[in-house]
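These notes concern the structure reproduced below.
The values are calculated or read from the model by the stated rules, or taken from the named source; none is laboratory data. The structure presented is a predicted model; accordingly, all values stated were derived computationally and were not measured. A quick note on method: Cβ atoms are made from the backbone with ideal geometry, for glycine too, and the neighbour counts reach across all protein chains shown.
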Amino acid sequence: MATIASQVVLHPTVSQSLKYGSTTLGRDKAYRAIQYFARFYAWYLLSKGDKDAAARWNALKTHLGTARKLLRLGKPMEHLQAALRACLSTGPAVEQVTTIARQISYFGYLTFDAFVWANSIKFWTLNPETSTRVAKISNRFWFAGILFSIVNGVTKSVRLARETKKLQSTQKWGEKTLAAEAERETRLSVLLAAQENTRHQLIIDLLDAWIPATALGITNLNEGALGIFGLITSLIAAQKQWEAVNGKK
């Protein structure tokens, strides 16, 4: 019996899950996936007329959203630092400008989101009109950040595709040293990895953009669609974090 218990408790997957959950980003992505699933499922239950069950899932969605805002309280400064580092770095002008704009937008989004959190826990009470205005400003910054990220991703994808094609089509004229060929293969591997990461981020941005856009009244998607979009992007981000923590297979 003890052997069976040890095989379950000490299973590598359990250990990897604990390692993943020990990171703030890992917990955030797990909470986000459950939050957006709850958003979808509450909508589904309401569409079936089951109001009592829907209320439970709505409560779960709301409390997870509040918990995630608490986890993000320190993140505005991270984005401000990232914007400053982007200012000091060199690179393609469009990518640099959109990176800076994206980071500043996320700084604004998370800063105003902190006021939304403070109001939601009654630590700092805002009147309904001010609360609505603060939430709207937060969503505007979020939407702007996603748009800048999409422009950055498209521009970067085009550049990486061009560089990859050029490197792949390099003709092997005459003799080349093993060191030169190894360097070419390493560079190609880096480009392909960057393409994959950029593609994943583009998918996330293209789906997530609908969430603040709907909150701002730009689009009119139902809660079910937004829940599914959020769940998909959460799982993609969670997988990337899992690979970063436990090593890519």
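Here are the numbers:
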| read-out | value |
| --- | --- |
| Number of the condition not met by Lys122 [criteria: (1) surrounded by fewer than 16 Cβ atoms within 10 Å (Cβ to Cβ); (2) in a helix (DSSP H, G or I); (3) free of Cβ contacts under 8 Å to residues at least 60 places away in the same chain] | (2) |
| Only listed residue being assigned to a helix (DSSP H, G or I), touching a residue at least 12 places away in the same chain (Cβ under 8 Å) and exposed (fewer than 15 other Cβ atoms within 10 Å of the Cβ), chosen from Leu70, Leu64 | Leu70 |
| Residue within the range 76-89 that is in a helix (DSSP H, G or I) and within 23 Å of Phe123 (Cα to Cα) present | yes |
| Residues being touching a residue at least 40 places away in the same chain (Cβ under 8 Å) and either part of a loop (DSSP other than H, G, I, E, B) or of a type in the set (Ser, Thr, Tyr) (or both) - total across the range 125-157 | 3 |
| Sole exception among (1) assigned to a loop (DSSP other than H, G, I, E, B); (2) under 22 Å from Phe37 (Cβ atoms) for Leu231, by number | (1) |
| Every residue from the range 122-155 that is charged (D, E, K, R) and either outside the structural domain of His200 (by TED's automatic domain parsing) or out of contact with any Pro (no Cβ under 8 Å at 6 or more places or on another chain) (or both) | Lys122, Glu129, Arg133, Lys136 |
| Positions within the range 226-249 being of a type in the set (A, V, I, L, M, F, W, C), closer than 19 Å to Ala42 by Cβ and more than 13 Å from the chain's Cα centre (by Cα), in sequence order | Leu226, Ile228 |
| Residue, surrounded by the fewest Cβ atoms within 10 Å (Cβ to Cβ), within the range 194-209, restricted to residues that are of a type outside the set (D, E, K, R) and over 19 Å from Ala161 (Cα atoms) | Leu206 |
| Every residue from the range 63-78 that is in contact with a Ser or Thr (Cβ under 9 Å, 6 or more places away or on another chain) and either aliphatic (A, V, I, L, M) or modelled with pLDDT of 95 or more (or both) | Leu71 |
| Subset of the range 37-54 (residues that are touching a residue at least 12 places away in the same chain (Cβ under 8 Å) and loosely packed, with under 14 Cβ neighbours inside 10 Å) | Ser47 |
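Results for (1) outside the structural domain of Ile204 (by TED's automatic domain parsing); (2) under 23 Å from the mean Cα position of the chain (by Cα); (3) polar (S, T, N, Q), shown as yes or no for each residue.
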position: Arg27; (1), (2), (3): yes, yes, no
position: Tyr36; (1), (2), (3): yes, yes, no
position: Tyr44; (1), (2), (3): yes, no, no
position: Lys61; (1), (2), (3): yes, yes, no
position: Ala82; (1), (2), (3): no, yes, no
position: Val94; (1), (2), (3): no, yes, no
position: Gln103; (1), (2), (3): no, yes, yes
position: Phe112; (1), (2), (3): no, yes, no
